[in-house]
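What follows is a set of notes on a single structure, which appears directly below.
The values are calculated or read from the model by the stated rules, or taken from the named source; none is laboratory data. On a predicted model such as this, the values are computed, not experimentally measured, just so you know. Here Cβ is always computed from backbone atoms with ideal geometry, including for glycine, and neighbour counts include all displayed protein chains.
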Amino acid sequence: MRVELYGKVPLFFLTLLFFLWNPAGAVIIVEPGPAELPTDVTYIDDEFFMPLWSYPPMELLTILLLLHCPLLAMPFELVYSAGAMAYLGYRTSRCPLDNKKRSRIYACIRDRPGIAPAEIARVTGINRGTTRYHLSRLREAGLVSALYRDDRVGYFRNGDYDTAEKVVCLHLQNGTRRQIFALLLEKPGIMQSELAEIVGISRSTVAWHMRQLTADGLVEANRDGRAVCYTLTGEALAPSGVPDGAADITVSFLPWNGTVAESRADSPLR
């Protein structure tokens, strides 16, 4: 009797498979992807999908069986929940910087602290949409942070700079402001008219840039009769390690000149 029962088990499962063999159907709705996703990459969020034809025969057979008879997966619900995506080709990169473009963007931010997204795209040669996407992924991974000032935004590698240093770096991304900053280092108390003459801009333009620097506490404006003189504040000098009152300091401390960047612990990309 036991032998007869064992003989009927395969027949029972074959019969069950016959009745359950109904191809699974689903409504597929195609919608445009979100704007922040890149258009020139073949992965999404560090994940890529392996073509079906690249799977071993047993895995391919398992996939086809689940597609045509999804009820067979019910007894293995826990296993499916834990590893079904692996059967469908789902792979996750453990390190956010395994992606080459993202690693380039990260290196650009490391070498040019305070850089704006548009400038990152220009320097790396990556289009702006893809750059914005990778910047959001780097921020989510805690690798970079952004500093917002009015209509400006600058990106920094996490752990490299405090807020005061970030503010200075953000201002120094502007070429004119960088020249003004260098002159203020070399000639504390320089007059507005002299700044305008050396930089080659109008006095009103100098005044506008100075208002921006003064608003962030980096410059002090003092009147000497009818003349306006400018001096860097201690807050502007402290991030650079420049002592107060130093009149012969050059701009060698600027991050893109290497002095500051080399003095900091440069963690590896991985």
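Give the residues of the stretch 125-184 that are within 21 Å of Ile105 (Cα to Cα) and of a type in the set (Gly, Ala, Ser), sorted by residue number.
If the condition is that a residue be within 21 Å of Ile105 (Cα to Cα) and of a type in the set (Gly, Ala, Ser), then Gly125, Gly129, Ser136, Ala141, Gly142, Ser145, Ala146, Gly154, Gly159 are the ones that fit.
Kindly indicate which of Ile180, Ile190, Ile249 is more than 30 Å from Leu143 (Cα to Cα), β-branched (Val, Ile, Thr) and modelled with pLDDT under 80.
Every option except Ile249 fails the conditions.
Looking at (1) in a loop (DSSP other than H, G, I, E, B); (2) of a type in the set (Phe, Trp, Tyr); (3) surrounded by fewer than 19 Cβ atoms within 10 Å (Cβ to Cβ), which is the only condition Tyr161 fails?
Looking at each condition in turn, Tyr161 falls short on (3).
Have a look at Leu170, Leu185 and point out the one that is in the same structural domain as Leu213 (by TED's automatic domain parsing), modelled with pLDDT under 90, under 18 Å from the mean Cα position of the chain (by Cα) and not charged (D, E, K, R).
Of Leu170, Leu185, the one residue that is in the same structural domain as Leu213 (by TED's automatic domain parsing), modelled with pLDDT under 90, under 18 Å from the mean Cα position of the chain (by Cα) and not charged (D, E, K, R) is Leu170.
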